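Undergrad: Here it is: the structure, laid out below.
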Amino acid sequence: MKTKGKQSVAFAKPPYVLGEASVVGKMEGEGPLGKYFHEICPDPFVGKKTWEEAESALMEKACNLVLANAGVRRDEVNYIVGGDLLAQLMATSFGVERLQIPFFGIYGACSTMGESLTLSAMMVEGEYAQGVLAVTSSHFAGAEKQFRFPLAYGNQRPASATWTVTGSGAVILGNEALMSGQKQLAPGAKVVITGITVGRITDYGIKDSMHMGAAMAPAAAATILANFSDFGVDAKAYDLIVTGDLGTIGSQILYDITEARGVSIRKNHIDCGVKIYDPARQDVHAGGSGCGCSAVTLTGYLLRKMREGVYKRILFVPTGAMLSPVSFHEELTIPGIAYGIILERK
């Protein structure tokens, strides 16, 4: 059995990260990680007529770019696994249609990159595919239009609010045979996924859609603690523990929850929502969020640092708030979910 504990899997044949791509908007390009992203689009409409079409364009760019970066042909990719925040995954459906690769559409809210990597890795390691493209995206204006208020409304944002990242991140996972044909990676710069921890829905009764960090922090804590328990490790097993988009307030809630259980992750924890923007220059309140937040931080910054040897083992934990416009208007709570992905430099 490859299962570990109650909700984790250890891979006997770890899938390789063959390539990655990050495409972001102007604001993200002006942030601290700007120099790491593969492409920056200064036009928020990306040459399209609507915000939704713009997000699809970001995803299409990321998919084409990751194929080029990985040195992989479309016919070598068996499946695409991806999703976004918009209703019925409309950004993804239009974003990947021209690739004509068999497609699985998924929804994990802002944790979608974690869910897509989890399922993609299981397909490759289980020998159901030689190569799988995992992708997700978000767009600030599209998310505000669907979940909150149109931008023209000019509503006030509380300090707990986060800023939805405009961007798309894509990764191609492949098996040993597909990796053997790759020549674009420097010796010793290979990265593999050695294990995963599948999150559970966690609901602390949060109803405030302007406080995503509070809704997602309990899910992040639950998945991190499950990972430690299932694999018999502690925080020192990882160079970094990276959460998706808790922001400054959600990160503190994460520390409060884990430390109440006798576990401290402060020394080697970072949050993509905190990392992607500069609060001294960019008015983003509690930080960044959205499917694209963890996706572009992974594909632009983290994987590059791993290939350079700065980090050797990372626990990547994208987080998602599973609300919808319907659930919000019906005054339901906001459940959270988080997926744990173990990335190692080989």
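None of the figures in this text is laboratory data; all of them are computed from the coordinates on show. This is a predicted model, so every value here is computed, not measured. Every residue, glycine as well, gets a Cβ built from its backbone with ideal geometry; the counts of neighbours run over all protein chains shown.
Undergrad: Over what distance in Å are the Cα centres of the stretch 75-113 and the stretch 1-26 separated?
TA: 17
Undergrad: Ok, one more. Give the aspartates and glutamates reachable from LYS49 as a straight Cα distance under 18 Å; neighbours fewer than 8 places away on the same chain don't count.
TA: Answer for LYS49, where 18 Å is the Cα cut-off: GLU60, GLU144, listed by chain and number.
Undergrad: If you take the charge dipole of the stretch 32-150 about its Cα centre, with +1 on Lys and Arg Cβ and -1 on Asp and Glu Cβ, which of THR136, VAL46, SER56 is farthest toward its positive end?
TA: About the Cα centre, the residue reaching furthest to the positive side is VAL46.
Undergrad: Evaluated at 4 °C with a viscosity of 1.567 mPa s, what Stokes-Einstein diffusion coefficient in µm²/s does the chain have when Rh comes from the Kirkwood expression over alpha-carbon pairs?
TA: Numbers: Rh = 19.5 Å.
Answer, rounded: 66 µm²/s.
Undergrad: Sorted from fewest to most neighbouring beta carbons within 10 Å, what does the list CYS63, CYS110, CYS291 look like? Spell out each step's value before the answer.
TA: On the way: CYS63 27, CYS110 36, CYS291 39.
Fewest to most other Cβ atoms nearby, the residues stand as CYS63, CYS110, CYS291.
Undergrad: Within 10 Å of each residue's Cβ, count the other Cβ atoms and sort THR297, THR223, THR164, THR3 from fewest upward.
TA: On the way: THR297 33, THR223 29, THR164 26, THR3 10.
Listed from fewest to most nearby Cβ atoms, that is THR3, THR164, THR223, THR297.
Undergrad: Taking only the alpha-carbon positions of the stretch 191-345 and ignoring solvent, what does the Debye formula give for the base-10 log of I(q)/I(0) at q = 0.14, 0.15 Å⁻¹?
TA: -0.65, -0.74
Undergrad: In addition: To the nearest 500 deg cm²/dmol, what mean residue ellipticity at 222 nm is calculated for the chain from DSSP H runs of n ≥ 4 alone, each contributing -39,500 (n - 2.57), summed and divided by the residues? Present the calculation step by step, with values, prior to reporting the outcome.
TA: Numbers: 12 runs with 112 residues, N = 346.
So the calculated ellipticity at 222 nm is -9500 deg cm²/dmol.
Undergrad: Between GLN252 and ASN64, what length comes free when the chain is fully extended (0.36 nm per residue of separation minus the Cα-Cα distance, one decimal in nm)? All intermediate terms of the calculation are to be shown ahead of the outcome.
TA: Working: separation 188, 0.36 × 188 = 67.68 nm, distance 3.75 nm.
Extra length from GLN252 to ASN64 when fully extended: 63.9 nm.
Undergrad: Next up: Quick one: which of LYS236/LYS346; LYS6/LYS346; LYS190/LYS305 span more than 23 angstrom between C-alpha atoms?
TA: LYS6/LYS346
Undergrad: First check a/c for the stretch 16-100, with a ≥ b ≥ c the square roots of the eigenvalues of its C-alpha gyration tensor; if it is under 1.5, answer rounded, and if not, answer prolate when a/b is larger than b/c or oblate otherwise.
TA: Working: a/c = 2.04, a/b = 1.15, b/c = 1.78.
Oblate.
Undergrad: Once you have the Cα-Cα distance between VAL263 and LEU151, take 0.36 nm times their residue separation minus that, and quote the gain in nm to one decimal.
TA: Length difference between fully extended and current span is 36.2 nm.
Undergrad: Give the calculated FRET efficiency between GLU308 and SER180 to the nearest 0.05, with a Förster radius of 25 Å applied to their Cβ-Cβ distance. Kindly include the intermediate steps, with their values, before the conclusion.
TA: Working: r = 23 Å, r/R0 = 0.90.
Once rounded, the FRET efficiency stands at 0.65.
Undergrad: Where in the stretch 40-137 are there GluC sites (Glu not before Pro) that are in a DSSP coil and have at most 11 other Cβ atoms within 10 angstrom of their Cβ? Don't skip to the end; give the middle numbers.
TA: Values: sites: GLU52, GLU53, GLU55, GLU60, GLU76, GLU97, GLU115, GLU125, GLU127; in loops: GLU127.
The qualifying sites are GLU127.
Undergrad: In a solvent-free Debye calculation with one equal scatterer on each Cα, what is log10 I(q)/I(0) for the stretch 224-301 at q = 0.23, 0.27 Å⁻¹, listed in the order of the q values?
TA: Log10 of I(q)/I(0), two decimals: -1.10, -1.27.
Undergrad: Here's another thing I want to ask about it. Let me spell out the model: positive unit charges on the Cβ of Lys and Arg, negative unit charges on the Cβ of Asp and Glu, origin at the Cα centre of the chain. What dipole size does that give, in debye rounded to 20?
TA: On the way: 32 positive and 33 negative charges, 189 e Å.
Once rounded to the nearest 20, the dipole reads 900 debye.
Undergrad: Residue by residue through the stretch 317-326, what is 3J(HN,Hα) from phi via Karplus (6.51 cos²θ - 1.76 cosθ + 1.60, θ = phi - 60°)? Round to whole Hz and write x for glycine and proline.
TA: Along the stretch 317-326, the couplings run 10, x, 10, x, 9, 8, 9, 9, x, 5 Hz.
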